[in-house]
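The values are calculated or read from the model by the stated rules, or taken from the named source; none is laboratory data. Computed from a predicted structure; not experimentally measured. Cβ sites come from the backbone with ideal geometry, for glycine too, and all protein chains shown count toward neighbours. Areas reflect the complete protein model, heavy atoms only, side chains present, ligands, DNA and RNA absent. Shrake-Rupley method; radii C 1.70, N 1.55, O 1.52, S 1.80 Å.
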Amino acid sequence: MDFNKYLEFIKEKHAGQTRKHGAPYYTHPMAVADILKNKGFSDEYIIVGLFHDLLEDTNTTFEEILSLTNLSIANAVKLLTKEKGYIMEEYIEGIRNNPIAKMVKLADRIHNLSEANLASLKFQEKYIKETKDWYIDLAKGTVFEEDLIEVLRKLENN
């Protein structure tokens with residue numbers, strides 16, 4: 001798997017996008033991929049980590065992801081994509097039933113929580129509530145359970 005090709009692809013697709021604190025947006029999927037890599041996940045998980053926001057936040061198509069990778073990766077990215085008018089319970093249930101999507105979503109949530117202190121207080125409160133309502137349960141029994149709780153606690157005590 002050609003990680004340099006994937007990095008160039010996400011940099012191109014996320015070009016001009018920034019995080020709330022001004023960093024180039026592509027640094028977020030790179031950080032998610034690093035979290036997965038550091039936990040020992042396989043290349044497929046790491047690539048989904050790199051690609052997880054492409055369908056939602058860029059003009060990338062499912063077919064483009066499929067042509068670059070494989071069906072397992074493309075399907076996981078699709079599950080991680082919030083469609084317009086999505087229902088949170090259905091979104092989480094789809095993720096829960098796909099091991100790759102589940103681990104990538106938890107790594108994504110951990111990274112987002114770790115940077116949420118850079119956003120408005122209103123955003124932080126919404127993110128804390130959403131994490132407690134949906135993601136603590138999703139993380140139960142996974143390698144991310146303690147990490148998620150720790151980063152949530154840090155944000156709450158900020």
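Residue by residue, here is whether (1) closer than 16 Å to Ala74 by Cα; (2) in contact (Cβ under 8 Å) with a residue 60 or more places away in the chain holds:
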site	(1), (2)
Glu12	no, no
Gly16	no, no
Gly22	no, no
His28	no, yes
Lys39	no, yes
Ser42	yes, no
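Looking at region 22-32, can you tell me whether even one residue there is part of a helix (DSSP H, G or I) and open to solvent by 80 Å² or more (accessible area, probe 1.4 Å)? No: zero hits.
Would region 47-59 turn up any residue that is in contact (Cβ under 8 Å) with a residue 24 or more places away in the chain, β-branched (Val, Ile, Thr), assigned to a helix (DSSP H, G or I) and under 20 Å from Leu138 (Cβ atoms)? Checking region 47-59: at least one residue is in contact (Cβ under 8 Å) with a residue 24 or more places away in the chain, β-branched (Val, Ile, Thr), assigned to a helix (DSSP H, G or I) and under 20 Å from Leu138 (Cβ atoms). A search for C-beta distances below 9 Å between a residue of region 105-131 that is free of Cβ contacts under 8 Å to residues at least 60 places away in the same chain and any residue that is surrounded by fewer than 22 Cβ atoms within 10 Å (Cβ to Cβ) and of a type in the set (Gly, Ala, Ser), counting only pairs 6+ apart in sequence or on different chains, returns Ser114/Ala31; Tyr127/Ala119.
Selection of first residues in region 82-97 that are of a type in the set (Phe, Trp, Tyr) and of second residues that are open to solvent by 100 Å² or more (accessible area, probe 1.4 Å), restricted to Cβ pairs under 9 Å at least 6 apart or on distinct chains, gives the following pairs, ordered by first then second residue: Tyr91/Glu83. Filtered by the rule that a residue be open to solvent by 40 Å² or more (accessible area, probe 1.4 Å) and either β-branched (Val, Ile, Thr) or modelled with pLDDT under 95 (or both), region 52-83 gives Thr61, Glu83.
In this structure, does Glu83 turn out to be closer than 22 Å to Lys11 by Cβ and not β-branched (Val, Ile, Thr)? When the stated conditions are applied, Glu83 does not pass them. Of the residues that make up region 104-119, is at least one open to solvent by 30 Å² or more (accessible area, probe 1.4 Å), under 14 Å from the mean Cα position of the chain (by Cα) and closer than 30 Å to Met1 by Cβ? Yes; the residues of region 104-119 include at least one that is open to solvent by 30 Å² or more (accessible area, probe 1.4 Å), under 14 Å from the mean Cα position of the chain (by Cα) and closer than 30 Å to Met1 by Cβ. For Tyr86, the requirement of being surrounded by fewer than 18 Cβ atoms within 10 Å (Cβ to Cβ) and part of a loop (DSSP other than H, G, I, E, B) is met. Please specify each residue of region 14-30 satisfying the condition of being modelled with pLDDT of 95 or more and touching a helix residue (DSSP H, G or I) at 6+ places or on another chain (Cβ under 6 Å). Residues satisfying the conditions are Tyr26, Pro29.
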